[in-house]
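First up is the structure itself, then whatever we jot down about it.
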Amino acid sequence: MKLFTFPNALTCCNLICGCMATGAAFHSHFTWALALIIAGAVFDFFDGMAARALHISSPIGKELDSLADVITFGVAPSAMLFQLFGIVEYPDWLAAASSWLPYTSFLIAAFSALRLAKFNLDDRQQTSFIGLPTPANALFWSSLIVAELSWLASPRFNAMWLFLFMLASCFLLTSELPLFALKFKNLSWADNRIKYVFLGGAVALLVAAALTPLGLTAVPLIILWYLLLSILAYTLKL
């Protein structure tokens, strides 16, 4: 079994990006951490594509991919949250927890690992997802921290809300919530209408980000738009 293949090299680049993003996060270089998580996501996208194109998919590549994803999309955003817990306001009744509460941020890494293990074994996720994908969760948190750091660190937001939102994120990672995947078997509207609606909304948010002060806040809004549409599609059987 070959260890050193082109797809595996791309996967290792993803892992290295995740390690570097984690280091950047621990030094509060949040913009660099976000950029490296995005770079890792790009490598994650192309390693699978390369494996299929070159017909060299292997069990070791699948395992390596999950290990890299745990670092880039689990540990790195956890490190960013760890630092954020040291910046946010603590209400008086929660002040005593300020020394240990930041360590709960690594629940994101644990639940991301559970999400990836579930994905590898769950045959129901061939054409869609069950639970929030780890790259989406990582991009949500990392872009939100970079875009809204001044608001997150203001008295309007505090450690209690951060902890509750983090728990909600952990729940979504391992939930049984059905989510559509952007996989097209054809380009017809009837078969892909929910995907086209999502892409239209995402493009509108990106245009708004370019023309208004919305900026990077568009990224977490796109993730929320994806969740909302998935819930509507499941509820209305679209």
Q: Examine region 58-68 for a residue that is under 27 Å from residue 157 (Cα atoms) and open to solvent by 20 Å² or more (accessible area, probe 1.4 Å), and state whether such a residue exists.
A: no
Q) Quick one: residue 57 ticks every box in (1) over 22 Å from residue 133 (Cα atoms); (2) part of a loop (DSSP other than H, G, I, E, B) bar one, so which box is it? A) (1)
Q: Keeping to region 153-162, report how many residues are part of a helix (DSSP H, G or I) and in contact with a helix residue (DSSP H, G or I) (Cβ under 7 Å, 6 or more places away or on another chain).
A: 3
**Q.** Number of the condition not met by residue 7 [criteria: (1) out of contact with any Asp or Glu (no Cβ under 7 Å at 6 or more places or on another chain); (2) crowded, with 16+ Cβ neighbours inside 10 Å]
**A.** (1)
Q.
Step by step: first the residues of region 36-56, then only those that are more than 15 Å from residue 12 (Cα to Cα) and in contact (Cβ under 8 Å) with a residue 12 or more places away in the chain, then the one that is surrounded by the most Cβ atoms within 10 Å (Cβ to Cβ). Which residue is that?
A. 56
Q. For residue 174, all conditions in the list (1) among the hydroxyl-bearing types (Ser, Thr, Tyr); (2) open to solvent by 70 Å² or more (accessible area, probe 1.4 Å); (3) in contact with a Lys or Arg (Cβ under 8 Å, 6 or more places away or on another chain) hold save one; what is the number of the exception?
A. (2)
(Q) For the structure I just gave you, tell me whether residue 184 is at pLDDT 95 or above and open to solvent by 20 Å² or more (accessible area, probe 1.4 Å). (A) no
Q) Among the residues of region 104-140 satisfying the criterion of being modelled with pLDDT under 90, assigned to a helix (DSSP H, G or I) and of a type in the set (S, T, N, Q), which is most open to solvent (accessible area, probe 1.4 Å)? A) 120
Q.
For region 75-103, which positions are in a helix (DSSP H, G or I) and surrounded by fewer than 18 Cβ atoms within 10 Å (Cβ to Cβ)?
A. 92, 93, 94, 95, 96, 97, 98, 99, 103
Q) Which ones in region 186-238 are under 18 Å from residue 136 (Cα atoms) and of a type in the set (S, T, N, Q)? A) 217, 230
Q: Test residue 18 against the stated conditions and say whether it is under 24 Å from residue 166 (Cα atoms), in contact with a Gly (Cβ under 7 Å, 6 or more places away or on another chain) and open to solvent by less than 60 Å² (accessible area, probe 1.4 Å).
A: yes
Q) Only one residue in 230, 150, 169, 143 is surrounded by fewer than 13 Cβ atoms within 10 Å (Cβ to Cβ) and either among the basic types (Lys, Arg) or part of a helix (DSSP H, G or I) (or both). Which one? A) 150
Q: Give the residue that is nearest to residue 45 (Cα to Cα), with candidates limited to residues of region 204-227 that are open to solvent by 90 Å² or more (accessible area, probe 1.4 Å) and part of a helix (DSSP H, G or I).
A: 206
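The values are calculated or read from the model by the stated rules, or taken from the named source; none is laboratory data. Everything numeric in this text was worked out from a predicted model, so none of it was measured. Don't worry about glycine lacking a Cβ; one is built from the backbone with ideal geometry, like all the others, and counts go over all protein chains shown. SASA here: full protein model, heavy atoms, side chains in, ligands and nucleic acids out. Shrake-Rupley method; radii C 1.70, N 1.55, O 1.52, S 1.80 Å.
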